[in-house]
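Reading through the structure tokens given below for one structure.
The values are calculated or read from the model by the stated rules, or taken from the named source; none is laboratory data. Model, not experiment: these values are computed from the prediction. Here the Cβ is made from the backbone with ideal geometry for all residues, glycine too, and neighbour counts use every protein chain on show. Calculation scope for accessible area: heavy atoms of the full protein, side chains included, ligands and nucleic acids excluded. Shrake-Rupley method; radii C 1.70, N 1.55, O 1.52, S 1.80 Å.
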Amino acid sequence: MTPVMQTNSCGNVLLFFVSCVLSHNFIFSRFLGCCPFLGVSNKVETAAGMGLAVTFVMGLASLFTSAVYQYVLYPLQLTYLDTISFILIIAGLVQFVEMFLKKSSPALYKSLGIYLPLITTNCAVLGVATLNTSAQYDILSAVLNGVFGALGFLLAITLMAGVRERLETSHIPDQFKGFPIGLFIAGLMSVAFMGFNGLV
């Protein structure tokens, strides 16, 4: 269930933040964005870079998709084009982020590899745009939902990377090394985050 957002007080914004980051985390409660969560969480630095890139894209995508839906698609009765419109907007934003990282941080750009352009098809980014329209958020609420949801993604992927870095120096049975132990950790983290469900 998507939390109701009212931006008329700091308390409501704080509750919305807690809901998006902890109790309605995109990865652990909605299972969106699992591909980069599992694929780019080997190192904390790389995971944090991916999380920041997703935060930037999700925030701007929420702004532009919400504006396009409210001021173009809905008034012209073209809401059936919302998915393809959102994908085009997200693809453009990802291209911008990719060019920026390639110029400003070549090492991070190289370490992210194929997962950076895959933000275009990251279901969390498209999911937040769809959730904003289905919940009928205004533009400010949509942007906050995108940014806070992305911060939840950043928290999850950074925690996952921290655990996986520690496991590199731990004794693990050969059968669990690599992807299997990653899935096991993700499951335990998901159970831990379920503890926040009654918080908001």
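Computed extension length for T169-Q95: 23.0 nm, one decimal, from 0.36 nm per residue of separation with the Cα-Cα distance subtracted.
Largest first, what is the accessible-area ranking of D174, D82 with a 1.4 Å probe?
The most accessible residue leads, giving D174, D82.
Counting Cα-Cα pairs of the chain in 10 Å increments starting at 0 gives whole-percent bin shares of 9, 34, 33, 19, 4, 1, 0. Taking 15 Å as the cut-off, the amide N atoms of region 156-173 that come nearer than this to a point 7 Å along the Cα-to-beta-carbon line of L188 belong to 159-173.
Of L15, L155, L76, the residue with the largest accessible area leads and the full order is L76, L15, L155 (1.4 Å probe). Of all lysines in the structure, the ones whose alpha carbon falls short of 20 Å from that of K177, not counting any fewer than 8 places away in one chain, are K43. Report in % the part of the accessible area of the chain that belongs to carbon and sulfur, leaving out ligands and nucleic acids; probe 1.4 Å. For the chain, the apolar C and S fraction of the accessible surface comes to 69 percent.
Only one residue of V163, S190, L88 has its Cα farthest out toward the positive end of the dipole of the chain, where Lys and Arg carry +1 and Asp and Glu -1 on Cβ, and that residue is V163. Only Cα pairs under 8 Å and 6+ residues apart enter the sum, and on that basis the relative contact order of the chain stands at 41 percent.
When region 15-172 is described by a simple charge dipole with +1 on each Lys and Arg Cβ and -1 on each Asp and Glu Cβ, the residue from P106, G149, Y69 located farthest towards its positive end is P106. Please state the shape class of region 63-125: rounded when a/c is under 1.5, otherwise prolate if a/b exceeds b/c and oblate if not, all from the C-alpha gyration tensor. Because a/c hits 1.5 or more and a/b exceeds b/c, region 63-125 counts as prolate.
What does a probe at Y74 reach in region 105-134, counting residues whose amide N is under 11 Å from the point 7 Å along Cα→Cβ? Output list for this probe position: 133-134. Helices assigned as whole DSSP H runs in the chain whose Cα atoms extend at least 24 Å along their own long axis and whose mean Kyte-Doolittle hydropathy is -0.5 or higher are found at 44-68, 82-104, 139-167. What region 57-116 shows is 61 Å² of accessible area per residue, with the surface traced by a 1.4 Å probe over protein heavy atoms. The dipole here belongs to the chain: it is taken about the Cα centre, uses +1 on the Cβ of Lys and Arg and -1 on the Cβ of Asp and Glu, and is about 280 debye.
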